[in-house]
Amino acid sequence: MASILISLKLLSDPTRLRIVMLLEQEELSVAELQSILGMGQSRISTQLAKLKDESLLSDRRVGKNILYTSQAPNHLLEVAKLAAEEIPEIHTDRAALALALQKRQDQSRAYFDQLAGKFGRHYVPGRSWKGLAEALLRVLNYDTVADLGAGEGTLSQLLAQRAKQVIAIDNSQNMVDFGRNLAKEHGLKNLEYRLGDIENPPIDDCSVDLVIFSQALHHATHPASALKHAHRILQPGGTLIILDLLQHNFEQAKELYYDTWLGFSELEITQMLSSIKFQQIETAVVDKEDEPPHFQTLLVTARKT
């Protein structure tokens, strides 16, 4: 356990306190901290090392980057937050953090903008027709469906042939425009594309009876938040379906496909859903790719009761 006296001494330094306050809100890289704080890499790395030595933060590797997050205990954070209000730069830091997160989202969105209209011809990890077919077998007789992270809407168009209404959500304007044009071209008047984030989709509470994530959840910054909002928009008795990658170790996926998470284990996804009060949770690995790195497709179903 970290020494309280040493921790307080460390946090008496304004720079280290500002870093802890930022990392308490969001997981950040050294480059992002540089941008927010306006400081050099060596200075920030030195302060991070001191905080890590005292177990006030943790890190994990994501592709070429190392992301840091606060793990300061709550009783210490309470004091730190009070002290932080005495630092003039703390309010600027919050605004700079919001801008840094927006830039991060813009980079991811730019990647998917380039893919609009190409998904049917280009490889996407975990997207297998066998996996989609397994999911579609469980999608019969739903009135209103939300496809979160719909991309260009291949699955949404299939769903629209059976459901009364399909709402496709994506945060890429190019994807939304492409999907709208396809829906119009195919005469799918019951298919509506909306620009939005899967972590807070622009859909009313308790308004849909099926929510589906198809290879979208591992792109979310906070998967648990996306699942909470899926629970929010589902009607009582509604169904959640997740098609995603089973947890893997192919780190290059971070750089190649802008993946935020390297898939999910069956236990991990079950625990997340249980904590949000989903019930009747079932998981199954429904496909394994023949080519390296042998991505496996995880199918998860759950109900809001």
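The values are calculated or read from the model by the stated rules, or taken from the named source; none is laboratory data. In this text, all values refer to a predicted model and were calculated from it rather than measured experimentally. Note that we place each Cβ from the backbone using ideal geometry, even for glycine, and neighbour counts take in every protein chain shown. Protein only, heavy atoms only, side chains kept; ligands, DNA and RNA dropped before computing areas. Shrake-Rupley method; radii C 1.70, N 1.55, O 1.52, S 1.80 Å.
Step by step: first the residues of the stretch 94-113, then only those that are small (G, A, S) and closer than 12 Å to N171 by Cα, then the one that is least open to solvent (accessible area, probe 1.4 Å). Which residue is that?
S108
Output the number of the condition that S225 fails; it satisfies all remaining conditions of (1) of a type outside the set (F, W, Y); (2) at pLDDT below 95; (3) out of contact with any Leu (no Cβ under 8 Å at 6 or more places or on another chain).
Checking S225 against (1) of a type outside the set (F, W, Y); (2) at pLDDT below 95; (3) out of contact with any Leu (no Cβ under 8 Å at 6 or more places or on another chain), the one that fails is (2).
Give S58, S70, S42 a once-over and let me know the one that is free of Cβ contacts under 8 Å to residues at least 60 places away in the same chain and over 24 Å from Q105 (Cα atoms).
It is S42.
Looking at (1) open to solvent by 50 Å² or more (accessible area, probe 1.4 Å); (2) at pLDDT 95 or above; (3) charged (D, E, K, R), which is the one condition that is false for D244?
So D244 meets the others, but not (1).
I'm checking my understanding of the structure. Among residues of the stretch 59-74 that are among the aliphatic types (A, V, I, L, M) and touching a strand residue (DSSP E or B) at 6+ places or on another chain (Cβ under 7 Å), which one is surrounded by the fewest Cβ atoms within 10 Å (Cβ to Cβ)?
I66
Taking into account only those residues within the stretch 167-194 that are within 27 Å of Q107 (Cα to Cα) and part of a loop (DSSP other than H, G, I, E, B), which is least open to solvent (accessible area, probe 1.4 Å)?
Looking at residues that are within 27 Å of Q107 (Cα to Cα) and part of a loop (DSSP other than H, G, I, E, B), I get S172.
Given the residues D259, D197, which is the only one that is buried (at least 18 other Cβ atoms within 10 Å of the Cβ), closer than 30 Å to R61 by Cα and modelled with pLDDT of 95 or more?
From the options D259, D197, the qualifying one is D197.
Pick from L77, L8, L67: which is hydrophobic (A, V, I, L, M, F, W, C), modelled with pLDDT of 90 or more and under 30 Å from G151 (Cβ atoms)?
L67
Can you tell which of L33, L56, L48, L77 is of a type in the set (A, V, I, L, M, F, W, C) and either within 22 Å of K103 (Cα to Cα) or surrounded by fewer than 17 Cβ atoms within 10 Å (Cβ to Cβ) (or both)?
Exactly one of L33, L56, L48, L77 is of a type in the set (A, V, I, L, M, F, W, C) and either within 22 Å of K103 (Cα to Cα) or surrounded by fewer than 17 Cβ atoms within 10 Å (Cβ to Cβ) (or both), namely L33.
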